[in-house]
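Read-outs: derived from the displayed coordinates by stated rules, not from any lab. Keep in mind it's a predicted model, so treat the numbers as computed, not measured. Every residue, glycine as well, gets a Cβ built from its backbone with ideal geometry; the counts of neighbours run over all protein chains shown.
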Amino acid sequence: MPRVPIASEDERKFIVDGIQSNFRNDGRNCRTYRPLLLATDVINTANGSCLLKLVLRYEGNLHDACSFAMKAALSETKVPALKVTHDEETNEVSVDVCDDPYEYGVLDVSNLPVLITVGQINGVHTVDTTIKEDSVTLARITYGIKSSGSIVYMNKDGGGSLDLLNIRSMAKIASDIGPQMNELLVKKIQLSKEKQASWGHTNERLLFNDDNFV
């Protein structure tokens, strides 16, 4: 997919000035995620599936969105029941998959990390950047954050350099947001499951706003 044209000089100045004032061009502050649309169990032939859409099109922050969708899909994954038998005479072990589609186990995803990407724009640390915001981003670090807030993964992207103080500050932001994101995601997944059980397939809006992230 071709990239959106890089922002003009006036747009870049507008974006940077807004970030400095903690007010972005789409109305969010620097610590706020865009609204997401989340639907689970959307593919009948799959053991687990999820559909996640950025409300504001496809712009930017693909890693974080993919990690949310992956966690939601894995929470829906149905692992077929297995029967293991041991033949004492031949000392052979056989594994049979249960034919009953209603006999299955589920995965525990409570400790599965989500990705939180923090970018630096003119000295200000920002989450969930759009493509045009990326054009003025010095560098980004993507962190894998568990529900406890511990960091299990990090990867830097972008051509700019970051000093240790900035890296620690960005890690603190990710560690603060990650557990909240995990909690909200688990709650929405559970709500989606309950509604599906009562009246079939549903889309649940997963909304992150200033009340969620301060």
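What value in Å³ per residue do you get for the convex hull of the alpha-carbon atoms in the range 9-206? Working shown, then result.
On the way: hull volume 31.1 nm³, N = 198.
Expressed per residue, the convex hull around the Cα atoms of the range 9-206 is 157 Å³.
Please list, ordered by chain and number, the residues whose modelled amide H lies under 5 Å from the amide H of Ser150; skip anything fewer than 5 residues away on the same chain.
HN-HN under 5 Å from Ser150: empty list.
Between Asp17 and Ser94, what is the label-to-label distance in nm when each label sits 7 Å out along the Cα-to-Cβ direction?
For the pair Asp17/Ser94, the computed spacing is 7.6 nm.
Using the Cβ atoms and a cut-off under 13 Å, what net charge is assigned to the surroundings of Met70, where Lys and Arg are +1 and Asp and Glu are -1?
Result for the local shell: -1.
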